[in-house]
Protein chains: 2
Amino acid sequence: MHSTAASTDPVRRAIAVFDSGVGGLTVLGALREAFPGTDFVYLGDTARVPYGTKSAGVVTRYALEAAWYLSQRPLAALVVACNTASAVAIPDLRRAHPDLPIFGVVEPGARAAVAASQRGGILVLGTEGTVASGAYPRAISALRQDAAVRVVACPLFVPLAEEGLVSGPIPELAASHYLDGVLDDSIDTVVLGCTHYPLLRDVIAARTGPHRRIVDSAAPLVEELRPRVDQTSPGQGDLTVLTTDHPTRFLRIGRRFLGSPVTEPTRIDLEALVAEERRRQGGSDAFLLGAAA
Amino acid sequence: MHSTAASTDPVRRAIAVFDSGVGGLTVLGALREAFPGTDFVYLGDTARVPYGTKSAGVVTRYALEAAWYLSQRPLAALVVACNTASAVAIPDLRRAHPDLPIFGVVEPGARAAVAASQRGGILVLGTEGTVASGAYPRAISALRQDAAVRVVACPLFVPLAEEGLVSGPIPELAASHYLDGVLDDSIDTVVLGCTHYPLLRDVIAARTGPHRRIVDSAAPLVEELRPRVDQTSPGQGDLTVLTTDHPTRFLRIGRRFLGSPVTEPTRIDLEALVAEERRRQGGSDAFLLGAAA
């Protein structure tokens, strides 16, 4: 179903950006700014958001369903903007879609951290699922063996960002609650390991202090994607936004995450589409794993 | 598939309690305490939690799927412990299962509020979905026409309760954030319109003050269920707990909500079970609406 895009490829191929909800719009915003001529398709799984509190197995299944659906379009690449899904589902996604370049956000975040850190003391802030996966310590240690990585789950940061409570005493106390016990002198770099957290950057920075660097995945992800974009037939900067729930809340909240008004989303019933395909395949889920591609 | 239980019914019928996740354990705890000889089946849809930020359509579909699954057992009643699902899905659930007594938590909460309120000034705290539904103002006004009902969404209360942050400055500030602008002299009663909020009762009470009553659905729900329990063959106080995601997080968090250790849950893959039934029904969803029962 997929073939890799080459410079002579006449097909207009979009970059698909997949996320559990609105958070990935922070990633989409950075990509759209870097690649204004590229077409993007954004899918937010708002009917099943959040992924950060769910098990690796469930998150992987949701990611496989999204990738199956998105891969029916001609794609230049699939970006898994959600840290939790990046942390647990990338190997299965790559197995299911061997011809589609798939980019997560954990490896770019790890590269940004290693590039920023002088002494190798790195604190990663993420969801419960990202923390439980151990993906950041693995990715950082693979790049710098002597790195000392700590990870902290910050569950309140997601609802604070979604509610727009990104300054003032409530987020300040939440940042203090999560950070005060773990910030010691060895840590010189802090990774925003969830797409929601860049909205709280100022509050987090006030707590971590001016002598520590704060990094996220956006800039290194842009550089990782640049060769793919250069090889792909140029688009027209089109943006298609899809959500799995009714888009009212997505539209209201999304603007803060994208940094600009959000294109009116089209709702897709992903569960029903998967069920229909499963029925066509005689009840088998193998198509999600790439067997029917 | 269902038949109402009578006092001569030889079948042991459980009361099913359905919730989006762990929150409904506060309701289950109250029911188990009131009816120690009754068997209960609890289903937490942890693979798709929370419902409070999702649309009425999606929440209704999830509730219909849960009710379809639960109704395959002999049941004395189905309790929809989730306020959001109670607010939007009860009519569809009753149409789909006309012979199964179905109890939501909005009407009991409304009755508790009207019984407690002297002047009819009632403030309902709930999820975004419950607030958007207008279910509480409708239910309260039906009982007391001159009631003046205000509803406020308190999105941070759910993650605060799940994280165990139920005292101290963060929940205090959150309570202040939601309540200070709406608590005027006319309000004498506050409804905890979400199963998570009873965990924050002390913090909320400190803000609402000693002259206002705080009510929730548990006590009136118990009274509403009592005739059903009396008609049903006694069980042995058995509790079966089902979750749609891996139960690790549910077990860890659930204890605080139930007030005692939680029975080890069995995981069910509700989406796959629904898909399998849909396949058996030739691709139709009519079974969820009761057409195949």
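The values are calculated or read from the model by the stated rules, or taken from the named source; none is laboratory data. Just so it is clear, the model here is predicted, and its values are computed rather than measured. Cβ sites come from the backbone with ideal geometry, for glycine too, and all protein chains shown count toward neighbours. Calculation scope for accessible area: heavy atoms of the full protein, side chains included, ligands and nucleic acids excluded. Shrake-Rupley method; radii C 1.70, N 1.55, O 1.52, S 1.80 Å.
Of the residues A:ALA96, A:THR127, A:ALA85, the one whose Cα sits farthest towards the positive end of the charge dipole of chain A is A:ALA96 (charges of +1 on Lys and Arg Cβ, -1 on Asp and Glu Cβ, taken about the Cα centre).
For chain B, modelled as a GNM whose springs connect Cα atoms under 10 angstrom apart, the maximal fluctuation among B:THR240, B:THR248, B:THR84 occurs at B:THR248. Membrane-span-like helices in chain A, defined purely by DSSP H runs whose alpha carbon atoms cover 18 Å or more axially and whose average Kyte-Doolittle hydropathy reaches 0.5, are A:56-70.
For A:GLU264 and B:THR266, what does the FRET efficiency come to when R0 = 45 Å and r is the distance between their Cβ atoms, rounded to the nearest 0.05?
Numbers: r = 42 Å, r/R0 = 0.93.
Taking R0 as 45 Å, the efficiency between A:GLU264 and B:THR266 is 0.60.
Once both labels are positioned 7 Å from their Cα atoms along Cα-to-Cβ, the gap between A:THR240 and B:ARG95 label points is 3.2 nm. Counting Cβ atoms of other protein chains within 10 Å of each residue's Cβ and taking the mean over peptide B:50-62 gives 4.
Between B:ASP202 and A:ASP230, how high is the FRET efficiency from 1/(1 + (r/R0)^6) when r is the Cβ-Cβ distance and R₀ = 51 Å? Nearest 0.05.
The value I calculate is 0.30.
How big is the protein assembly as shown by the Kirkwood estimate over distinct Cα pairs, in Å? Answer for the protein assembly as shown: a Kirkwood hydrodynamic radius of 25.1 Å. When +1 charges are put on Lys and Arg Cβ atoms and -1 charges on Asp and Glu Cβ atoms, the dipole computed for chain A relative to its Cα centre reaches about 180 debye.
All alpha carbon pair distances within chain B were sorted into 10 Å bins beginning at 0; the resulting P(r) in whole percents reads 7, 29, 36, 21, 7, 1. Within the assembled protein chains, the solvent-accessible surface assigned to A:LYS54 is about 10 Å², based on a 1.4 Å probe. So for the pair B:GLU223, A:ASP184, with labels modelled 7 Å out along Cα→Cβ, what separation do we get in nm? Result for the modelled spin labels: 5.7 nm. The accessible-area ordering, largest first, of the residues B:LEU225, B:LEU273, A:LEU258 stands as B:LEU273, A:LEU258, B:LEU225, per a 1.4 angstrom probe.
Dipole magnitude for segment B:199-270: computed about the Cα centre from +1 point charges on Lys and Arg Cβ and -1 point charges on Asp and Glu Cβ, it is near 440 debye. Counting Cβ atoms of other protein chains within 10 Å of each Cβ in A:160-170 and taking the mean gives 3.
Using a cutoff of 8 angstrom between alpha carbon atoms and counting only pairs six or more residues apart, the relative contact order for segment A:183-293 works out to 19 percent. Take every pair of alpha-carbon atoms less than 8 Å apart whose residues are at least six positions apart; their mean separation over the length of chain B yields a relative contact order of 28 percent.
The reciprocal of the average 1/r between distinct C-alpha atoms defines the Kirkwood hydrodynamic radius, which for segment B:216-266 equals 13.2 Å. Of the solvent-accessible surface of segment A:110-164, computed with a 1.4 Å probe and all protein chains present, 51% belongs to carbon and sulfur.
Computed over chain A, the per-residue total of -39500 (n - 2.57) for DSSP H runs of n ≥ 4 gives a 222 nm mean residue ellipticity of -13000 deg cm²/dmol, rounded to 500.
Sorted largest first, the principal axis extents computed over the alpha-carbon atoms of segment B:111-151 equal 27, 16, 15 Å. Eigenvalues of the alpha-carbon gyration tensor of segment B:54-178, scaled by 5 and square-rooted, set the equivalent ellipsoid semi-axes at 27, 20, 13 angstrom, largest first. Residues whose amide H falls under 5 Å from that of A:ARG212, counting only those 5 or more places apart or on a different chain, are absent, with hydrogens built in the peptide plane. Entry comment: accessible area of segment A:92-177 is 39 Å² per residue, from protein heavy atoms only and a probe of 1.4 Å. Ligands, DNA and RNA excluded, the heavy atoms of A:ASP202 present near 120 Å² of accessible surface to a 1.4 Å solvent probe.
Using Cα centres only, tell me the gap between segment B:82-134 and segment A:51-114 in whole Å. Measuring centre to centre over Cα atoms gives 39 Å. If you find the alpha carbon centre of segment A:217-267 and of segment B:233-293, how far apart are they in angstrom? Value for the Cα centre distance between the two parts: 35 Å. Take the Cα of A:ALA148, step 7 Å toward its Cβ, do the same at B:VAL11, and the gap between the two points is 6.4 nm.
Can you sort A:SER133, A:SER167, B:SER260 by solvent-accessible area, 1.4 Å probe, largest first?
Working: A:SER133 25, A:SER167 85, B:SER260 50 Å².
The residues order as A:SER167, B:SER260, A:SER133, largest area first.
When the protein assembly as shown is described by a simple charge dipole with +1 on each Lys and Arg Cβ and -1 on each Asp and Glu Cβ, the residue from A:THR53, B:ALA66, B:GLY237 located farthest towards its positive end is B:ALA66.
What does the structure give for B:232-245 when I average, per residue, the other chain Cβ atoms found within 10 Å of the residue Cβ?
Working: counts 0, 0, 0, 0, 0, 0, 0, 0, 0, 0, 0, 1, 2, 6.
Mean shielding by partner chains, rounded to a whole number: 1.
Dipole of chain B computed with +1 at Lys/Arg Cβ and -1 at Asp/Glu Cβ about the Cα centre; of B:CYS154, B:PRO227, B:ALA112, farthest Cα towards the positive end is B:PRO227. Expressed as a fraction of 2.2 N^0.38 Å, the C-alpha radius of gyration for segment A:139-293 is 1.37. Pairing chain B with chain A buries about 3000 Å² of accessible area. This figure sums both sides and uses a 1.4 Å probe. Computed with a 1.4 Å probe on the full set of protein chains, the accessible area for B:SER284 sits at about 40 Å². Between A:LEU239 and A:PHE40, the built amide H atoms are under 5 Å apart, and every one of these is 5 or more places off in sequence or on another chain.
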